[in-house]
Amino acid sequence: MEFLRPATLAEALAVKAERPGAVPIAGGTDVMVELNFDHRRPEALLDLTGIAELGEWSTADGNVRLGAGVPYTRLIEQLGARLPGLAMAARTVGSPQIRNRGTVGGNLGAASPAGDTHPVLLATGGTVEVASVRGIRLIAADDFYLGVKRNALADDELITAVNLPDAKAPQQFSKIGTRNAMVIAVCSFGLALHPEQGRVGAAIGSAAPTPRRSRAAEDFLSGELTDAGLWESPAPLRDSVCRRFGELVAEGTEPIDDVRGSAAYRRHALSVLARRTLTWAWQEYRTGERSCA
Amino acid sequence: MRVNMTVNGEQRQADDVWEGESLLYVLRERLGLPGSKNACEQGECGSCTVYLDAVPVCACLVAAGQAEGREVRTVEGLADGDRLDPVQQSFVDAGAVQCGFCTPGLVVAAHDLLARVPEPADEEIREALAGNLCRCTGYEKILDAVKLAATRGASA
């Protein structure tokens, strides 16, 4: 094995082009587990922590460009107001030690169906920025997840950043785990209101082979809110609307039975998470007060 | 490969480090610092918690090469010679140490919490220690120890 330590992104991309088998490592919270347990022996590790620009974030034109190497802890502390949904999801990742190291870039690289940030990236309309010696490519989060732990990355590409619009309205994230901390999601749900587009974004985690949008539920709710003029005059939502939204989210899942939960439980739990997060987000939209986080 | 880093204020060098080796292995097996404990090797138990550039991390999840040129502080580096750090002393005084295996990680995590939040609420202590598992104490004595350390001004 080799340990490669590029100092610049250009250098890292050159290495990745020449050695597609080199495994990128940033926070190490996934890669080191595989090494420690002998599950993987890559020909080389490509350490990205020496590349300063990957650890930076910036804002322009109402968007945040979050470097792939920004640890969750910094995201929570520095971007909670601009990216509330992502910050909420980041707060549920592992433990302080894990959040100090783990990154959204790593979550995307692993592309686990259970990755905590994925539902938020899908619901908010995030794009993944990937780079290679051939150039830069922007991939909509929608097109990024291809299968269980498979993503749209080519062999010579590295994830460099995610781009997310500044939140202009409430966002929510909720997750079920078998305890309060340090657990992989049994299922999770991300919600984002996009009043300027008259649209709701909603996505599930841990309940299908990939994280995925809840399109039928999005369309239903967006239609209800728009038809009733609720974006402009936000009245309380009818209970039947919240319930139907939850049902449609549950119908859009393809969960499995496993040690952490049954498919039936996941489906039911997601209908509840969808209803609750919608209630919280809408309450906040109506009153401008955060009702839950 | 060779890895150079500052450990507990001293410049240290480790040779013949395997490229896939963890910082934890280097600390324990090559630099003779067994304070950080090796238990789960997957970031679940927190018993290997150390500061890396002043940020608490699981040493088992840091590739040794990633520590090159960086500053590591282990539980051994908290005490001032024979004088225990107030957090360490509070763990002893509160009876928060039983088998002791989780203690170094908990001490580092608590040390970091008190440096950031000198008077933490119970919920803040629980959240800060959520990444450290203990199988003996039931955590109550550990909470007591952190609160005791806070009253003693551990962050000072």
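The values are calculated or read from the model by the stated rules, or taken from the named source; none is laboratory data. Keep in mind that this is a model prediction, so the values were computed, not measured. Ideal geometry is used to build each Cβ from the backbone, glycine not excepted, and the neighbour counts take in all protein chains shown. All accessible areas refer to the heavy atoms of the entire protein, side chains included, with ligands and DNA or RNA removed. Shrake-Rupley method; radii C 1.70, N 1.55, O 1.52, S 1.80 Å.
For the reader, a short list of remarks on this structure follows.
- Boolean, residue A:111 is away from chain B (no Cβ under 14 Å), farther than 26 Å from residue A:284 by Cβ, aliphatic (A, V, I, L, M) and surrounded by fewer than 24 Cβ atoms within 10 Å (Cβ to Cβ): yes
- Any chance residue A:70 is within 14 Å of chain B (Cβ to nearest Cβ) and open to solvent by 10 Å² or more (accessible area, probe 1.4 Å): no
- When residue B:34 is tested against (1) open to solvent by 60 Å² or more (accessible area, probe 1.4 Å); (2) farther than 16 Å from residue B:60 by Cβ; (3) more than 14 Å from chain A (Cβ to nearest Cβ), only condition (2) is not met.
- Remark: pairs (first residue in region A:113-126, over 16 Å from residue A:84 (Cβ atoms); second residue in a helix (DSSP H, G or I); Cβ separation under 6 Å; 6+ apart in sequence or on different chains) = A:115/A:107.
- Matching residues in region A:1-12 - criterion: being of a type outside the set (Val, Ile, Thr), open to solvent by 20 Å² or more (accessible area, probe 1.4 Å) and either closer than 15 Å to residue A:68 by Cβ or within 14 Å of chain B (Cβ to nearest Cβ) (or both): A:1, A:2, A:3, A:4, A:5, A:7, A:9
- Any hit, region A:164-172, residues being modelled with pLDDT of 95 or more, over 19 Å from the mean Cα position of the chain (by Cα) and open to solvent by 10 Å² or more (accessible area, probe 1.4 Å): no
- Selection count, region A:78-101, where residues are assigned to a helix (DSSP H, G or I), more than 15 Å from the chain's Cα centre (by Cα) and within 14 Å of chain B (Cβ to nearest Cβ): 3
- Residue match in region B:97-120 (condition: over 20 Å from residue A:100 (Cβ atoms), touching a Leu at 6+ places or on another chain (Cβ under 7 Å) and among the small types (Gly, Ala, Ser)): no
- Residues (within 23 Å of the chain's Cα centre (by Cα) and either open to solvent by less than 40 Å² (accessible area, probe 1.4 Å) or at pLDDT below 95 (or both)) located in region A:212-237: A:214, A:217, A:218, A:221, A:222
- Residue that is farthest from residue A:24 (Cα to Cα) [pool: residues in region A:73-98 that are hydroxyl-bearing (Ser, Thr, Tyr) and open to solvent by 10 Å² or more (accessible area, probe 1.4 Å)]: A:92
- Residue check for residue A:51: surrounded by fewer than 21 Cβ atoms within 10 Å (Cβ to Cβ) and modelled with pLDDT of 95 or more: no
- Boolean, residue B:44 is open to solvent by 30 Å² or more (accessible area, probe 1.4 Å) and farther than 17 Å from residue A:30 by Cβ: no
- Residue within region B:40-47 that is more than 9 Å from chain A (Cβ to nearest Cβ), touching a Ser or Thr at 6+ places or on another chain (Cβ under 7 Å) and within 19 Å of residue A:36 (Cα to Cα) present: no
- Leading residue by the ranking (nearest to the other protein chains (Cβ to nearest Cβ)) among those in region B:2-23 that are closer than 24 Å to residue B:85 by Cα and polar (S, T, N, Q): B:6
- Scan of region A:238-259 for residues that are over 16 Å from residue A:189 (Cβ atoms) and either assigned to a loop (DSSP other than H, G, I, E, B) or open to solvent by less than 40 Å² (accessible area, probe 1.4 Å) (or both), ordered by number: A:238, A:241, A:256, A:257, A:259
- Top-ranked residue in region A:260-287 [being among the charged types (D, E, K, R) and out of contact with any Ser or Thr (no Cβ under 7 Å at 6 or more places or on another chain); ranked as surrounded by the most Cβ atoms within 10 Å (Cβ to Cβ)]: A:275
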